[in-house]
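The values are calculated or read from the model by the stated rules, or taken from the named source; none is laboratory data. The model shown is predicted, which means the values in this text are computed figures rather than measured ones. All Cβ positions, even for glycine, are placed from backbone atoms using ideal geometry, and neighbour counts span all protein chains on display. Ligands, DNA and RNA are stripped out before the accessible areas are found, and what is left, the full protein with its side chains, is counted by its heavy atoms. Shrake-Rupley method; radii C 1.70, N 1.55, O 1.52, S 1.80 Å.
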Amino acid sequence: MTRTLESNDLPSLFEPGMRVYVGGSTNEPRGIIDALKQNPACADGVTFVQFPLPGVNVTDFTTLHPNARMEVFFLTPQLRDSFVEGRVALIPMQMRQVFEYLRDCEPFDLTIIQLAAADGNAHTPGPNVDFLEAVIDNAGAVLAEVNADLPRLPDAPRVPRERVDYAFPTSTSIPEYPAAETNSVARAIGSHVATLVADGACIQTGIGAIPAAVLDALGDKNDLG
């Protein structure tokens, strides 16, 4: 049965030596993170694991306590100093490998995610699935920030209510990624890349000025996936 928690209840879930997965991208549990910042002693001896998205996920969990550590699969500017000082470990992997690593590594003592309010007997993850399936299946306990403002999208993966051990209710808007500013160099690169993309192509883009310039240059293409 799911237990509903308030901010003051969260420290009881943590103890030294734990490995804790924290969701990233737009599904970062920001309400729980804010509560942890109000109770930083609970991070003593805890290793936090996250795939942070630059420009969206900006928390350096090692600043909560001198004995806190992080493992990440992408380095952001906010983690630079702690990485240099050895408190943040970078695990270089492509995203598919990250999914398999999170699924198959030693189980996490606690997995912290964000979910939309339950619809019937299950929750959904909002607009970002990320590594949800891997970390749910590999979690000793699941703490979910249940965000009333997170949309329930059709055909999204479903997390049974009974899989959520602890619920932390919030009501917060989804963060928006800042629009990239392109310059003449980025636009020139975008124009060159666009010549390589045929009608009907399936493409993947990253984030930042050059991917934005590429997308801007594809306006005359048709049937892209």
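Some notes on this structure:
- For the chain, the longest principal axis of the C-alpha atoms and the axis of helix 184-194 are separated by about 80°.
- Whole-percent carbon and sulfur share, accessible surface of the chain, 1.4 Å: 50 percent
- Highest average first, the peptides 86-93, 1-8 ordered by how many other beta carbon atoms sit within 10 Å of their residues are 86-93, 1-8.
- Angle in degrees between helix 95-104 and the longest Cα principal axis of the chain, rounded to the nearest 10: 20 degrees
- Mean projection area, nm², convex hull over Cα of region 111-225: 9.2 nm²
- Gain in span if fully extended, GLU176 to MET95, counting 0.36 nm per residue against the direct Cα distance: 27.0 nm
- Using the 1.4 Å probe convention, the accessible area of the chain works out to 53 Å² per residue with neighbouring protein chains retained.
- By the compact-protein rule of thumb, 2.2 N^0.38 Å, the alpha-carbon radius of gyration of region 1-77 corresponds to a ratio of 1.07.
- GNM flexibility winner over the chain from ALA167, ALA194, ALA43 (Cα, springs under 10 Å): ALA194
- Our helix-only sum for the chain, with -39,500 (n - 2.57) per DSSP H run of n ≥ 4 divided by its residues, gives a mean residue ellipticity at 222 nm of -6000 deg cm²/dmol.
- Dimensions (Å) - region 69-116, Cα atoms, principal axes, largest first: 31, 24, 21
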